[in-house]
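Input: a single structure, listed below in structure tokens.
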Amino acid sequence: MSDQKFLVLDTPTQAGIALRLRAGDVLVALNGVEFHGDVPELQQRFALGRRLALTFLRAGQYITVLSQTAELGKWHQKSQELAPGAFKRIDPDYLSNWEVFQSPDRLYDVQRLDRSLLALSAPVLWLLQMRMWRPLAAWVAMSLFASIAGLWAVAAVQLFMGLLFWRSGPDFVRAERRLRGLEPILILAARSESTVHADVARLHPDLIWVCAPIKTTQPSTADA
């Protein structure tokens, strides 16, 4: 076990809160490499303006988020024991931040926070993909109403909705999930949605994805 000093997040700033970071999160790695530097060195690592993958230790579990700034809160240093070889190098260019939502009855859902080209080019398909039934109904109603004026009006509605969802899609998804009783709890950096589900299963094994099939219990022959 290695026992070295790491940066610990105190009170998160707005940027830290947006990444769902918490006071007490221990920054243990940058891009999958153990990081033992101080705050100026951390700021220097962001000097090129690229997103970095920051891995934090929280309650004995590792979580990784993408950030473009070191200004995530006030930091202090403390000694922390880590198992050797706990990390492997990460290329942040292949990752996206994903937001995880949870309901009181232990259901969860996720959304990718990067802007979606599908939302821009085919908003109706994006709405179906994200299971956004209320906005989809509004899109259909607007398209039907616009069809009275002609195809140019329908195309204008398509363009407007595409730009709107491309620019503010995560906000729409967040608002819709909250209407369904799911609150954002976590940000995770991952390559794909399947990777996010694996991370959620590791961090919160009691949660069930909202789209997971319901398992029915077959009656036992011993009960007959």
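Every read-out reported here was derived from the displayed coordinates using simple, explicitly stated rules and does not represent laboratory data. Everything numeric here is computed off the predicted structure, so don't read it as measured data. No Cβ is skipped: glycine too gets one built from the backbone with ideal geometry, and neighbour counts run over all protein chains shown.
Relative contact order, percent, of the chain when contacts are C-alpha pairs under 8 Å separated by at least 6 residues?
RCO, the chain: 22 percent.
Count the DSSP beta bridges whose two residues both fall in the chain, then state the antiparallel fraction as a percent rounded to the nearest 5. Walk me through the numbers on the way to the answer.
Working: 36 of 38 bridges.
Expressed as a percentage, antiparallel bridges in the chain total about 95.
Here the dipole of region 2-94 is about 200 debye; that uses its Cα centre as origin and unit charges on the Cβ of Lys and Arg (positive) and Asp and Glu (negative). The mean sequence distance of close C-alpha pairs (under 8 Å, at least 6 residues apart), as a share of the length of region 75-157, puts its relative contact order at 13 percent.
Where the only charges are on Cβ atoms (+1 Lys, Arg; -1 Asp, Glu), what is the dipole of region 79-193 about its Cα centre, to the nearest 20 debye? Kindly include the intermediate steps, with their values, before the conclusion.
Numbers: 13 positive and 11 negative charges, 38 e Å.
Approximately 180 debye in magnitude.
Dividing the radius of gyration of the alpha carbons in region 97-209 by their Kirkwood radius gives 1.06 for Rg/Rh.
With the alpha-carbon atoms as the only input, what is the per residue convex hull volume for the chain in Å³? The partial results should precede the final answer.
Working: hull volume 39.5 nm³, N = 224.
It comes to 176 Å³ per residue, whole-number rounded.
Given N residues in region 156-205, what is Rg(Cα) / (2.2 N^0.38 Å)?
Values: Rg = 14.4 Å, N = 50, 2.2 N^0.38 = 9.7 Å.
Relative to the 2.2 N^0.38 Å estimate, region 156-205 comes out at 1.48.
Per residue, the chain reaches -11000 deg cm²/dmol at 222 nm when only DSSP H runs of four or more residues are counted, each adding -39500 (n - 2.57).
Taking 7 Å steps out from each Cα toward its Cβ at THR13 and SER79 produces label points 3.1 nm apart. Answer rounded, prolate or oblate for region 2-94, using the Cα gyration tensor with square roots of eigenvalues a ≥ b ≥ c: rounded when a/c is under 1.5, else prolate when a/b is larger than b/c, else oblate. Since a/c stays below 1.5, the shape of region 2-94 is classed as rounded.
Using θ = phi - 60° in the Karplus curve 6.51 cos²θ - 1.76 cosθ + 1.60, the 3J(HN,Hα) couplings for region 51-60 round to 6, 10, 8, 9, 9, 10, 9, 9, 6, x Hz; x is entered for Gly and Pro.
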